[in-house]
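Structure, as structure tokens:
The values are calculated or read from the model by the stated rules, or taken from the named source; none is laboratory data. If you're wondering where the values come from, they're calculated on a predicted model, not measured in any experiment. Note: accessible area is taken over every heavy atom of the protein model, side chains too, but ligands, DNA and RNA are not part of it. Shrake-Rupley method; radii C 1.70, N 1.55, O 1.52, S 1.80 Å.
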Amino acid sequence: MFGEEILNGKQLCEALGISTTILSGLVKNGLPYHQLTANSRKYYDLAEVKAWLKEAGYAPHTKWTK
């Protein structure tokens, strides 16, 4: 839909190998996302998300874990 760097939630889950439940928890813990308006869908910059995950102490194994 957006490309390789800007992803929606489903695409981000597939790219990181995580579930939507894990994604929701990460968002609650401060995972960066963007929205056009307060009621629009969230979208994610893959490079920004990966940098945040590393900074937050997560490391890629077969899945992202802390």
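Enumerate the calculated ³J(HN,Hα) couplings along segment 15-21 in order (Karplus 6.51 cos²θ - 1.76 cosθ + 1.60, θ = phi - 60°), each rounded to whole Hz, writing x wherever the residue is Gly or Pro.
Once θ is set to phi - 60°, the couplings for segment 15-21 become 5, 8, x, 10, 8, 5, 5 Hz.
Among [x] 26, 11, 10; [y] 19, 13, 11; [z] 31, 12, 9, only one was calculated for this model; which label is it, if the read-out is semi-axes √(5λ) of the Cα gyration tensor in Å?
Answer by label: [y].
For the chain, which whole-number percentage of the solvent-accessible area (1.4 Å probe, protein heavy atoms only) is attributable to carbon and sulfur atoms? Write down the numbers at each step before the final one.
Details: 2440 of 4700 Å².
After summing per-atom areas, the C and S share lands at 52 percent.
In Å², what does the accessible area per residue of the chain work out to with a 1.4 Å probe? Can you show the working numbers first?
Numbers: 4700 Å² over 66 residues.
Averaged over the residues of the chain, the accessible area is 71 Å².
If you only keep lysine pairs separated by 8 or more in sequence, or across chains, how many in the chain come under 18 Å at the Cα atoms?
Qualifying lysine pairs in the chain: 13.
For segment 23-39, just list the computed ³J(HN,Hα) in residue order, Karplus coefficients 6.51, -1.76 and 1.60, θ = phi - 60°, integers in Hz, with x standing in for Gly and Pro.
4, 4, x, 5, 4, 5, 8, x, 4, x, 8, 10, 9, 6, 9, 4, 9
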